[in-house]
Amino acid sequence: MNIVDRFINYTRINTTTNRENGAAGIMPSSLGQMELATILAAELTQLGLQNIILRDSAILTATLPSNSPRTIPTVAFFGHLDTSAEQCNDTHAQIVHYTGGDIILNPVLNIVLKHAEFPELSQYQYQDIIVTDGTSLLGADDKAAIAAIMNALTVLIDNPAIEHGDVKIAFIPDEEQGLRGAKAFDVDAFGADFAYTLDCCGIGEFVDENWNAGDVVVTFIGQSAHPMSAKGKLKNSLLMAHKFIAMLPAGEAPEYTDGREGYYWVKDLSGNSAKTVLKMDVRDFTQQGYQQRMQFLATLAENCQTLWGKAAVTITLADRYQNVANSLQGDASFPIEIAKQAYARNNIEMKTTPMRGGYDGAVLSQKGLPCPNIFTGAHNFHSIYEYLPVPSLQAASDVVVDVIRITAEQYLSLIHI
């Protein structure tokens, strides 16, 4: 099966993450994720991989055994099974040969992928591009990764002259809601020395830096009263929350920031005059900046307690994940160097990108498995305008093969891990 057929077959399975089930602690949060994992387990078995384990959580792991008499470090590759809840319709993928201009996704509904809105399409003129019919996302986030990894395994099996050590594979659920699969993943039992996720972005992009991320919940307790006799009695928790929000630094919200600029994201506000709960995300690329943001919120809550009473305001601060760059320093930086060589061998310019978001590799790295991120080739994730140039998908798979090849070639310099 070629890489395009693999990818399109995977897109036919609806693996939309289910936020309600996820919030209830159910994993996988949707049945489609287990369905896809079961199909992948069968394909891995057919390819001859060993130690294939499909867990009740839909975490799937497998090993391609070493074909070398030498001791070679074990490299792993990760993809996630779920797709974003931003769109939940079934995917109807189609292949178009792009000759320029706009792409009509759905003539009946007049849904068009417009070059004026997505000028990067020009890079892919005269290439085959996989798109949807405009009624769903494509699911290249992250089924392009799964297809690229499975195709790379096929190349290695069909070409036994390519020397390699043990290669570990993992497909995990519910990345799209708080990296839940990665948080549940047992890195120690997995037995890899280093790893890569394939997730996000156009050909050539490479991620070795992302957010330090935190979750914040602020609860405001007021005092309800009938408006006819409310004077001096009513303490409106909704207004407390709004005053708290108004004291956040101006311009430090997602809609005003880009690059390496951090932010406070007011994400959810619910309640009534008696009780209101504010949920926020805090993001910063530097550890110092992140700690300063969290401390600012803690101090702001303390000041509000002075104003409205200690029982009126409570705050909970929690770390979600760290910047993967924290785990790729010094002796742990070799996965970056291997990737650079793999990109170069495929004549791909590496575009190192600070990811303004989280990905499974951040959690895995924090657990002790260094894990930067390789491109999948796709664009416009979480959108009906998501698209995947076929040569970019193939390039992602080729990079995986060369990472494995280079790891074997340079095993003497890597064995210290």
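The values are calculated or read from the model by the stated rules, or taken from the named source; none is laboratory data. Values in this document were obtained by computation on a predicted structure and should not be read as measured data. Neighbour counts run over all protein chains shown; Cβ positions are idealised from the backbone, glycine included. For accessibility, only protein heavy atoms count, side chains too; no ligands or nucleic acids. Shrake-Rupley method; radii C 1.70, N 1.55, O 1.52, S 1.80 Å.
Whether any residue in the range 221-236 is modelled with pLDDT of 95 or more and open to solvent by less than 20 Å² (accessible area, probe 1.4 Å) is what I want to check. Within the range 221-236 (the criterion being modelled with pLDDT of 95 or more and open to solvent by less than 20 Å² (accessible area, probe 1.4 Å)), the answer is no, since none of the residues qualifies. Highlighted here are the strands (runs of 3 or more DSSP E) found entirely within the range 57-127 that include at least 3 residues which are at negative phi and aliphatic (A, V, I, L, M): 60-64, 103-106, 111-113. Within the range 70-92, can one find any residue that is acidic (D, E), within 21 Å of A148 (Cα to Cα) and open to solvent by less than 50 Å² (accessible area, probe 1.4 Å)? The answer is yes; a qualifying residue exists.
Taking (1) open to solvent by 20 Å² or more (accessible area, probe 1.4 Å); (2) closer than 22 Å to G48 by Cβ in turn, A184 satisfies each apart from (2). Looking only at residues that are touching a helix residue (DSSP H, G or I) at 6+ places or on another chain (Cβ under 7 Å), modelled with pLDDT of 95 or more and open to solvent by 10 Å² or more (accessible area, probe 1.4 Å) in the range 338-366, which one is nearest to V131 (Cα to Cα)? Result: I348.
Test each condition in (1) more than 21 Å from I52 (Cα to Cα); (2) in contact (Cβ under 8 Å) with a residue 60 or more places away in the chain; (3) basic (K, R) for K143 and report the one that comes out false. The number of the failed condition is (1).
Please determine, by comparing only the residues of the range 146-169 that are among the acidic types (D, E) and touching a residue at least 12 places away in the same chain (Cβ under 8 Å), which one is surrounded by the fewest Cβ atoms within 10 Å (Cβ to Cβ). Top of the filtered list is E163. When you check I157 against the structure, is it among the hydrophobic types (A, V, I, L, M, F, W, C) and either modelled with pLDDT under 95 or part of a helix (DSSP H, G or I) (or both), yes or no? Considered against the rule, which asks whether it is among the hydrophobic types (A, V, I, L, M, F, W, C) and either modelled with pLDDT under 95 or part of a helix (DSSP H, G or I) (or both), I157 comes out as yes. Set side by side, the residues D258, D319, D281, D331 differ, and just one is in contact (Cβ under 8 Å) with a residue 12 or more places away in the chain and part of a helix (DSSP H, G or I), which is D331. For D174, the requirement of being open to solvent by less than 10 Å² (accessible area, probe 1.4 Å) and in contact with a His (Cβ under 6 Å, 6 or more places away or on another chain) is not met. The criterion of being touching a Lys or Arg at 6+ places or on another chain (Cβ under 6 Å) and closer than 30 Å to A408 by Cα does not hold for A170. Filtering the range 118-145 to residues that are in contact with a helix residue (DSSP H, G or I) (Cβ under 6 Å, 6 or more places away or on another chain) and either open to solvent by 10 Å² or more (accessible area, probe 1.4 Å) or not small (G, A, S) (or both) leaves Q127, D128, K143.
Restricting attention to the range 275-295, the residues that are buried (at least 17 other Cβ atoms within 10 Å of the Cβ) and among the basic types (K, R) add up to 2. For the range 35-51, check the following and say yes or no: at least one residue is in a strand (DSSP E or B) and either touching a residue at least 12 places away in the same chain (Cβ under 8 Å) or open to solvent by 70 Å² or more (accessible area, probe 1.4 Å) (or both). Yes, some residue in the range 35-51 is in a strand (DSSP E or B) and either touching a residue at least 12 places away in the same chain (Cβ under 8 Å) or open to solvent by 70 Å² or more (accessible area, probe 1.4 Å) (or both).
Within the range 1-29, restricting attention to residues that are of a type in the set (K, R) and not in a loop (DSSP other than H, G, I, E, B), which residue is least open to solvent (accessible area, probe 1.4 Å)? In this case the residue turns out to be R6.
Quick one: which of A250, A213, A298 is part of a strand (DSSP E or B) and either open to solvent by less than 10 Å² (accessible area, probe 1.4 Å) or more than 30 Å from K351 (Cβ to Cβ) (or both)? Result of the check over A250, A213, A298: A213.
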